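Encoded as structure tokens, the structure appears first; notes follow it.
The values are calculated or read from the model by the stated rules, or taken from the named source; none is laboratory data. From a predicted model like this one, the values you see are computed outputs, not experimental measurements. Virtual Cβ from ideal backbone geometry, glycine too; neighbours counted across all protein chains shown. Remember, those area values only see protein heavy atoms, side chains included, never the ligands or the DNA or RNA. Shrake-Rupley method; radii C 1.70, N 1.55, O 1.52, S 1.80 Å.
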Number of protein chains: 2
Amino acid sequence: MESDNVVRALGALAQEHRLALFRLLVQAGPDGLAAGAIAEALGVPASSLSFHLAQLTNAGLIAQRRDGRSLIYSADYGAMTALLGFLMENCCGGAVCAPAAPCDTRDKTERTAA
Amino acid sequence: MESDNVVRALGALAQEHRLALFRLLVQAGPDGLAAGAIAEALGVPASSLSFHLAQLTNAGLIAQRRDGRSLIYSADYGAMTALLGFLMENCCGGAVCAPAAPCDTRDKTERTAA
DNA sequence: ACGCCATTTCGATAATCATCGAAATATCTG
DNA sequence: CAGATATTTCGATGATTATCGAAATGGCGT
């Protein structure tokens with residue numbers, strides 16, 4: 001991950017609503033959540049939420065897919081792993097001191113198959 | 001680390017100059033660097049740098065100490081570890097998937113003694 | 001005390017960000 | 001196609017952020 005992307009990712013997470021939103025999506029897993037469900041969970045007006053979703057999407061931290069008239073958002077575990085990897089790579093003068101793979105990035109289907 | 005502190009820490013790192021600054025201090029180690037040396041290394045005017053140093057200090061990511069007429073800044077490894085810990089704790093529905101101790105947080109004296 | 005040096009604070013300016021209602025877009029159903 | 005639902009885009013507003021020169025502060029040497 002490039003330094004520029006890292007700044008954007010950190011900036012996207014550096015906001016109360018968006019941090020809560022991202023954590024919500026992470027906990028929701030690969031199935032994700034519809035925008036409406038997120039708005040309700042966070043108690044944020046739809047238009048405000050849309051703004052925050054756009055920020056996280058632009059930062060590459062979440063993905064969007066359509067299901068009927070709902071738009072489903074889900075966390076991009078790979079991006080999160082890359083971000084953590086960058087922060088850790090650069091914490092001790094270039095030495096990596098901990099594995100940069102915090103999550104099982106496979107989705108439910110893959111885990112079941114494995 | 002509380003969610004509020006996390007937002008502040010992420011916000012502090014979500015800026016090109018400050019991310020470079022923090023990485024510089026991390027690489028410099030516990031001895032830290034004087035404000036002037038940092039300004040020169042980053043090519044940022046003194047007054048701008050002072051603003052960024054204040055942001056990082058306020059976020060608890062760096063510490064300040066005086067040496068003569070110089071102010072020496074150094075990375076707070078504990079804060080960085082706590083931040084990484086928070087991000088990892090909260091990435092998989094509460095399960096910690098990787099050790100949250102990326103760095104040897106002891107200073108030179110302690111390492112030598114060990 | 002005086003001048004020097006390192007750094008911060010002040011003040012002004014331009015830019016970006018957060019918020020949210022109203023209107024527009026896209027999809028489904030009948 | 002018309003109506004209902006889910007979500008985004010637009011537009012306006014207030015708040016925060018980044019920048020940097022000039023002036024103020026704090027510590028040092030003489």
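Can you tell me which residues in the range A:9-45 are more than 7 Å from every other protein chain (Cβ to nearest Cβ) and surrounded by 19 or more Cβ atoms within 10 Å (Cβ to Cβ)?
Passing the criteria: A:9, A:12, A:18, A:21, A:22, A:25, A:32, A:33, A:38, A:39.
So, in the range A:46-72, exactly how many residues are open to solvent by 60 Å² or more (accessible area, probe 1.4 Å), within 14 Å of chain B (Cβ to nearest Cβ) and near DNA strand C (Cβ under 9 Å from one of its atoms)?
1
For residue A:67, state whether it is of a type outside the set (A, V, I, L, M, F, W, C) and more than 30 Å from residue B:17 (Cβ to Cβ).
Spelling it out, residue A:67 is indeed of a type outside the set (A, V, I, L, M, F, W, C) and more than 30 Å from residue B:17 (Cβ to Cβ).
Could you list all residues from the range B:15-36 that are out of contact with any His (no Cβ under 8 Å at 6 or more places or on another chain) and in a helix (DSSP H, G or I)?
Correct list: B:16, B:19, B:20, B:22, B:23, B:24, B:25, B:26, B:27, B:28, B:35, B:36.
Residues B:39, B:79, B:54: which one is assigned to a helix (DSSP H, G or I) and touching a Gly at 6+ places or on another chain (Cβ under 8 Å)?
B:79
Taking only the range A:42-51 into account, find how many residues are among the hydrophobic types (A, V, I, L, M, F, W, C) and either touching a strand residue (DSSP E or B) at 6+ places or on another chain (Cβ under 6 Å) or not in a helix (DSSP H, G or I) (or both).
1
Please list, ordered by first then second residue, the pairs with beta carbon atoms under 7 Å, 6 or more apart or interchain, first in the range A:25-53 and within 20 Å of residue B:87 (Cα to Cα) and free of Cβ contacts under 8 Å to residues at least 12 places away in the same chain, second among the hydrophobic types (A, V, I, L, M, F, W, C) and away from DNA strand C (no atom under 11 Å from the Cβ).
Partner pairs satisfying both residue conditions: none exist.
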